[in-house]
Amino acid sequence: MQTAGGSVDVMVSKRKVLLAVVLVIIIAGAGAGVVVAVKTPFFQDIKETVFAQQHQEREPSAVEQALIKENEELRERVAKLEQELSSMTHSEDEAEDTEPNTGLALGFEVQKEVYKKLAQYYDNMKPDAAVAILNNHAPQLVAGILHEMEKDQAGEILSRLDPEQAAELIELIARQASLEGEQNNH
C-alpha cells in the first residue's frame, strides 16, 4: 500500500535496519576488525546520515505549539501576580510608616480582629507546634498574633524562637502596641 508519506516510512525502515546491522556487528565483533569496519566510509556515511536526521530542525506540532503558548501565558500571569504582590508589600510598608489618624483606622480595627481570631487558635496549641507554624509566616503577621495572645503563651512561644527572630518580633509588637495606644487616643 502506497501512502503519501510512503517514502518517509521506507527511509525510516532502512535507517532502522542499518542501525540494527551496525549494532549487531559491533556487539558480535567486539574486536579490532569491527572497529576498523566501523571506520570505513560506508559506516561513516551511515553515522553522518543518522546524526543529521536526529538533529534536523523541525516545526513544533500543534500540541507543542499550544503548550508553548500556554507556557508563555502562564509566565505572564505569574509575572503579573508577582508585580501585584510587590506593590501590595510596598503599600503595606508605606502604611506602617504613616500615622494612625490618616484614614487607616478602619483597616487597623479589622486587622486587629483578624489577629485576635488567629491568636485564639495559637493560644490552644502547644508552644512547639505554634512555633513550627509561625516560623512560616511574615514577621508582621506573627507579631500581630503574638500581641493578641495570652501573654504567658506568647512568652513561651517567644522563648522557643531564635533570639534574633524573637527580638525582631518584640520590636514589632512594641510598635503595634504604640499604634494601638495612639489609635485609642483619637
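The values are calculated or read from the model by the stated rules, or taken from the named source; none is laboratory data. As the structure is a computational prediction, the values presented were derived from the model and not from experiment. Ideal geometry is used to build each Cβ from the backbone, glycine not excepted, and the neighbour counts take in all protein chains shown.
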- Message: Show the residue pairs meeting these rules: Cβ distance below 8 Å; 6+ apart or different chains; first residue within region 102-125 and under 16 Å from G155 (Cα atoms) and modelled with pLDDT under 85; second residue among the hydroxyl-bearing types (S, T, Y) and surrounded by 12 or more Cβ atoms within 10 Å (Cβ to Cβ).
- Response: none
- Quickly run through region 116-154 and pick out the residues that are loosely packed, with under 14 Cβ neighbours inside 10 Å and under 23 Å from S178 (Cβ atoms). K117, H137, A138, P139, E150, K151, D152
- Could you give me the residue pairs with C-beta distances under 8 Å whose first residue belongs to region 144-162 and is in the same structural domain as K116 (by TED's automatic domain parsing), whose second residue is of a type in the set (S, T, N, Q) wherever it lies, and which are 6+ apart or on separate chains? G144/Q111; G144/Q176; H147/Q176; L161/N135
